[in-house]
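Asker: The structure's right below; bear with me while I get my questions together.
Each value in this text was obtained by applying a stated rule to the coordinates, not by laboratory testing. All of these numbers come straight from a predicted model, not from anything done at the bench. Here the Cβ positions follow ideal geometry from the backbone for every residue, glycine too, while neighbour counts run over all protein chains shown.
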Amino acid sequence: MKNEIKNIWIDLHEELYKFIISKVKDEQIAKDILQEVFLKVQSKISQLKNTSKLTSWVYQITRNTIFDYYRNLNLKKISIEDLDIPENEKESFDYTKLSNCINQKIENLTTKHKQAIILTSFKNYSQKELSAYLKISYSGTKSRVQKARAVLRENILNCPNVESDKSGKLLDFGN
């Protein structure tokens, strides 16, 4: 069994690490999750009936472990300021005003909409993962995310320094 685990590690650890880091965006947390995945693989390898499905089985354990990590976060403590919102490479005053406007608009959303935006847009939850996390139907989750995005978009377009065309497409932002 030790050889099986060692072979799985050799074959999959780099690929799994890249997958995990794409979901959690923190190197140390990704390493911790990867280690936890391999502990679970090692303890549950005897339950695997069909070895041809080994890779998909390991990925399912990985997805579940990532999901568990996010579930264990205390969402009430997540602040919009704590999120790594990508900024333009140029440090421009105009962009700063726009991002402050966006941050404020997210903060002003209802708790349900704010949670949907933060988890899907900044924490990379899929809508299915969000559905499971919120314990509501997938279609209900899709509706909530769409509604949250629509409300946020409308609120952003109402920022005084945002210019848009008649269809609501963002054209420019300025003074």
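Asker: Multiply the residue separation of Gln104 and Ser139 by 0.36 nm, subtract the distance between their alpha-carbon atoms, and state the gained length in nm to one decimal.
Answerer: Extra length available between Gln104 and Ser139 comes to 9.8 nm.
Asker: How would you rank 139-145, 25-31, 114-120, highest first, on the average number of other Cβ atoms within 10 Å across their residues?
Answerer: So the peptides 139-145, 25-31, 114-120, ranked by packing, come out 114-120, 139-145, 25-31.
Asker: If each of Ser46 and Asp11 carries a label point 7 Å out from its Cα toward its Cβ, how far apart are those two points in nm?
Answerer: Distance between label points: 2.1 nm.
Asker: For the range 8-17, in order, what is each residue's ³J(HN,Hα) by Karplus, 6.51 cos²θ - 1.76 cosθ + 1.60 with θ = phi - 60°, in whole Hz (x at glycine and Pro)?
Answerer: 4, 4, 4, 6, 10, 4, 5, 4, 5, 4
Asker: Take the residue pairs Lys25/Lys114; Lys135/Lys166; Lys23/Lys147; Lys114/Lys142; Lys128/Lys166; Lys25/Lys49 and return only those whose Cα atoms are more than 26 Å apart.
Answerer: From the list (Lys25/Lys114; Lys135/Lys166; Lys23/Lys147; Lys114/Lys142; Lys128/Lys166; Lys25/Lys49), the Cα-Cα distance tops 26 Å for Lys135/Lys166; Lys128/Lys166; Lys25/Lys49.
Asker: On to the next question. HN-Hα J couplings of the range 38-47 from phi, Karplus 6.51/-1.76/1.60, θ = phi - 60°, integer Hz, Gly and Pro as x?
Answerer: 5, 5, 5, 4, 4, 6, 10, 4, 5, 7
Asker: For Lys112 and Arg71, what does the FRET efficiency come to when R0 = 25 Å and r is the distance between their Cβ atoms, rounded to the nearest 0.05?
Answerer: 0.90
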